[in-house]
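Participant: Before anything else, here's the structure in question.
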Amino acid sequence: MPRPTKCRKVSEIPKECYFKPAGIPMSELEEINLLIEELEAIRLKDLEGLNQEECALRMHISRPTFQRVLTKAREKIAIALVQVKAIKVEGGNFHMTDGFLKCNNCKRWIKEHKNNCPKCGHNFEEKS
């Protein structure tokens, strides 16, 4: 029996949750479901440019799990673009994050609420 899926941490929920190719009626489109945590993985890795360790830390999952989530998200997006399908962003197994702090010096996101970064010793800057 497989282990239950660990809840992933997400810091943003998209304002728009449906994307479709222009000029094709919805009735003629198939759709792909992109989970909220898959979109978060894309956002952290591809938009924020964090490394996998930082992304995994932010989502409270292991690096191999993060890689699987990211790979699945990229696969779904590629299928939607190449096969002309709509993307619906919804669902998943996640909680919203709170309390992450960013180190001024090493730019790492740390989940502890301390005065100094445990990696380099510098002060934190609250996440905006």
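The values are calculated or read from the model by the stated rules, or taken from the named source; none is laboratory data. Source: prediction; values computed, not measured. Reconstructed Cβ throughout: ideal geometry from the backbone, glycine too, with neighbour counts over all protein chains shown.
Residue by residue, here is whether (1) modelled with pLDDT of 95 or more; (2) out of contact with any His (no Cβ under 9 Å at 6 or more places or on another chain); (3) assigned to a strand (DSSP E or B); (4) surrounded by 12 or more Cβ atoms within 10 Å (Cβ to Cβ) holds:
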{"residue": "Pro4", "(1), (2), (3), (4)": "no, yes, no, no"}
{"residue": "Lys9", "(1), (2), (3), (4)": "no, no, yes, yes"}
{"residue": "Pro14", "(1), (2), (3), (4)": "no, yes, no, yes"}
{"residue": "Gly23", "(1), (2), (3), (4)": "no, yes, no, no"}
{"residue": "Ala41", "(1), (2), (3), (4)": "yes, yes, no, yes"}
{"residue": "Lys45", "(1), (2), (3), (4)": "yes, yes, no, yes"}
{"residue": "Gly49", "(1), (2), (3), (4)": "yes, yes, no, no"}
{"residue": "Leu57", "(1), (2), (3), (4)": "no, yes, no, yes"}
{"residue": "Ile61", "(1), (2), (3), (4)": "no, yes, no, yes"}
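Participant: Taking the options Lys114, Lys119, name whichever one is modelled with pLDDT under 70, in contact with a strand residue (DSSP E or B) (Cβ under 9 Å, 6 or more places away or on another chain) and assigned to a loop (DSSP other than H, G, I, E, B).
Facilitator: Within the list Lys114, Lys119, the selection yields Lys114.
Participant: Let me ask you something else. Can we say Leu34 is closer than 18 Å to Ile77 by Cα, assigned by TED's automatic domain parsing to the domain that holds Val89 and touching a Lys or Arg at 6+ places or on another chain (Cβ under 7 Å)?
Facilitator: yes
Participant: Those residues that are hydrophobic (A, V, I, L, M, F, W, C), within 24 Å of Met26 (Cβ to Cβ) and part of a helix (DSSP H, G or I), I need them from the range 65-88; list them, please.
Facilitator: Residues satisfying the conditions are Ala73, Ile77, Ala78, Ile79, Ala80, Leu81, Val82.
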